[in-house]
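Written below as structure tokens is the structure these notes are about.
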Amino acid sequence: MGQCFSDVKGGQQAVGGVAGAAIGGGAADSGPNDAVDYFFRAKGEHNLCTQIELSLSASKLLDLDVVSKSDPMAVVYMKRRDGKLDELGRTEVILNNLDPTWIHKIHITYQFEIIQTLIFHVYDVDSKYHNIPVKMLKLQDQDFLGEATCVVSQIVTKRNRSLTLNLHNRNGICSGNLGTITVRAEETVASRNAVELEFRCSALENKDTFSTSDPFLRISRASESGGYIPICKTEVVNNNLNPTWKPMCLTMQQFMSKENPLVIECFDFNTSGNHVLIGKLQKSIAELEVLHQSRSGANFISPPSKFRRHEKVMKSQIFVNRFVEKQLYSFLDYISSGFELSFMVAVDFTASNGNPRSLDSLHYIDHSGRLNAYQQAIMEVGEVIQFYDSDRRFPAWGFGGKTPNGSISHCFNLNGSPTDFEVEGVEGIMAAYTSALHNVGLSGPTLFGQVINKAADIAGHSLSCNQAKYYVLLIITDGVVSDLQETINSVVRASDLPLSILIVGVGNADFKEMEILDADNGRRLESSSGRIATRDIVQFVPMREVLAGQISVVQALLEELPSQFLSYMRCRDVKPLNVS
């Protein structure tokens, strides 16, 4: 089978379920970003369009590994009018497989009046990177297996909405057989319906000789054009013939209808990628509900083999411990019902920024109007968030500076007021920042804890007053945080509150510790007392990547904010204001 889906943990983690809806801590739906859509629509930039998702598979890829097979990942780009490529998304890595079928879907907005050119790159991911999330992989460190290109209309106009393309090398020439990539397009189903499921199995057949099987489930659904498309897999449960897997949440977009056939396969995980099929069966969501209600199991089937001409009904059974139908509301559902995003900002006044009067200082104010990195971050992020905040009064603080009274403060009001920390609009933040540079001395060290705790206090007070608000704290800093563990403690405490933290790093410092706070490696932060963060609330963006044109602050902010927002609302079962 060789379908081991890897992002972290060597391919043993779950892929494709909406974990945040089930257990209150994972990502939200991996679909169109409503925050981006809302932002651009508010600016009057919208077109007639349709949301579609792309399913990818490949065949006969090059084998570049010596003692195993290639570990392929696909990256999808949209070519802009100027010829530059915008990355749309990456699949998971599949270990040891030259004929992969990826689970992770790529979501795009199809605009029929525009020629939308797609570029597909396939890479063999080196084994030393298998525990790194795919979005953090540096593509130049991976082996290039081939590329293909087409326009979206070529896919959607096919009767089965499926297109197979030959892979070429980077100059567009086919040098030998590099294999093919197949792209299947399906329109996104506009439905909030979802089902939370928890599976367990009993008496699985042991496929290991010297140990016990390490089982996982893969679920695929029948497609309108024929065949089956994998939609999710569970995590691997090691050494267990009677496993119970973590709950997963499948959306209507994934299973299409309660009557649509699903194929459930149970495999014994092998690090080589040659996973052994234990058994399979076909059930619809409706039939799984009946299993749950009757508290009965369904027997797996062993397919025909070269030693047996007919299927065999096995003793191994699957049970549905939990079956809950629910509605998953989108980010836009909450925002349009009256929920607001409240913007807060904290600016680094440590001495490592350099004397503000010096041209090479990160705080230098150019009187020609050219913005420094701090000003640029405030303007770009503030421009986005102000669309979601009705009163546009923003708390603004500084940290690491020597205030006019001579004391070093790690959370002082940016406007100089002893009591009022709010300013009017983005312009008010900019004015307060400029004024503070004349009144506050640069000092140190770089401590985030007090600022995060202050933001958490405000978010906690809002929660106790039942206000329909979610807070976004922007921290702009040039250096390595000096109180990493205390900052982690503050973030863990804040993870229970309606709060997200965006950290923008300016300058050329080593920001590896910021990536720890970002927690994009799949591990939630742990406090010094052993408490685990309820959810991931930090997003880190290095400004040098923004200035190099690799990403925009707007894109970076909105990439994870909706999922962080939704993970908070879903784990507390908070509904939009217009829903009873």
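The values are calculated or read from the model by the stated rules, or taken from the named source; none is laboratory data. Treat the numbers as computed from the prediction; the structure is a model and nothing was measured. As a convention, Cβ positions derive from the backbone with ideal geometry for all residues, glycine included, and neighbour counts pool all protein chains shown. Heads up: the accessible areas ignore ligands, DNA and RNA and are worked out on the full protein's heavy atoms, side chains in. Shrake-Rupley method; radii C 1.70, N 1.55, O 1.52, S 1.80 Å.
See the values below:
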{"quantity": "Among the residues listed as Thr271, Thr212, Thr234, the single one being surrounded by fewer than 21 Cβ atoms within 10 Å (Cβ to Cβ) and in contact (Cβ under 8 Å) with a residue 40 or more places away in the chain", "calculated": "Thr271"}
{"quantity": "Selection status of Met78, open to solvent by 30 Å² or more (accessible area, probe 1.4 Å), of a type outside the set (D, E, K, R) and touching a residue at least 12 places away in the same chain (Cβ under 8 Å)", "calculated": "yes"}
{"quantity": "Top-ranked residue in region 121-151 [being aliphatic (A, V, I, L, M) and either modelled with pLDDT of 85 or more or more than 20 Å from the chain's Cα centre (by Cα) (or both); ranked as surrounded by the most Cβ atoms within 10 Å (Cβ to Cβ)]", "calculated": "Val122"}
{"quantity": "Looking only at region 192-209, and only at residues there that are part of a strand (DSSP E or B) and open to solvent by 10 Å² or more (accessible area, probe 1.4 Å), the one that is farthest from Gly16 (Cα to Cα)", "calculated": "Ser202"}
{"quantity": "Candidate set: region 108-120, residues that are surrounded by 17 or more Cβ atoms within 10 Å (Cβ to Cβ) and more than 9 Å from Val151 (Cα to Cα); chosen: the one modelled with the highest pLDDT", "calculated": "Phe120"}
{"quantity": "Region 39-61 - residue that is open to solvent by less than 60 Å² (accessible area, probe 1.4 Å) and aliphatic (A, V, I, L, M) and, of those, modelled with the lowest pLDDT", "calculated": "Ala42"}
{"quantity": "Cβ pairs under 8 Å, 6+ apart, first in region 175-197 and modelled with pLDDT under 90, second part of a loop (DSSP other than H, G, I, E, B) and acidic (Asp, Glu)", "calculated": "Glu186/Glu224"}
{"quantity": "Looking only at region 380-411, and only at residues there that are touching a residue at least 24 places away in the same chain (Cβ under 8 Å) and of a type in the set (Ser, Thr, Tyr), the one that is nearest to Gly428 (Cα to Cα)", "calculated": "Ser390"}
{"quantity": "Failed condition for Gly460, given (1) under 21 Å from Ser563 (Cβ atoms); (2) open to solvent by 10 Å² or more (accessible area, probe 1.4 Å); (3) in a helix (DSSP H, G or I)", "calculated": "(1)"}
{"quantity": "Verdict on Ser70 being assigned to a loop (DSSP other than H, G, I, E, B), in contact with a strand residue (DSSP E or B) (Cβ under 9 Å, 6 or more places away or on another chain) and either under 23 Å from Cys232 (Cα atoms) or at pLDDT 95 or above (or both)", "calculated": "yes"}
{"quantity": "Near pairs, Cβ below 7 angstrom, 6+ apart or cross-chain, from region 562-580 (among the basic types (Lys, Arg)) to any residue that is in a helix (DSSP H, G or I) and surrounded by 23 or more Cβ atoms within 10 Å (Cβ to Cβ)", "calculated": "Arg570/Gly20; Arg570/Ala21"}
{"quantity": "Matching residues, region 482-530, being of a type in the set (Val, Ile, Thr) and either in contact (Cβ under 8 Å) with a residue 60 or more places away in the chain or open to solvent by less than 10 Å² (accessible area, probe 1.4 Å) (or both)", "calculated": "Thr487, Val491, Val492, Ile501, Ile503, Val504, Val506"}
{"quantity": "Residue match in region 363-371 (condition: in contact (Cβ under 8 Å) with a residue 40 or more places away in the chain and either open to solvent by 20 Å² or more (accessible area, probe 1.4 Å) or over 21 Å from Pro498 (Cα atoms) (or both))", "calculated": "yes"}
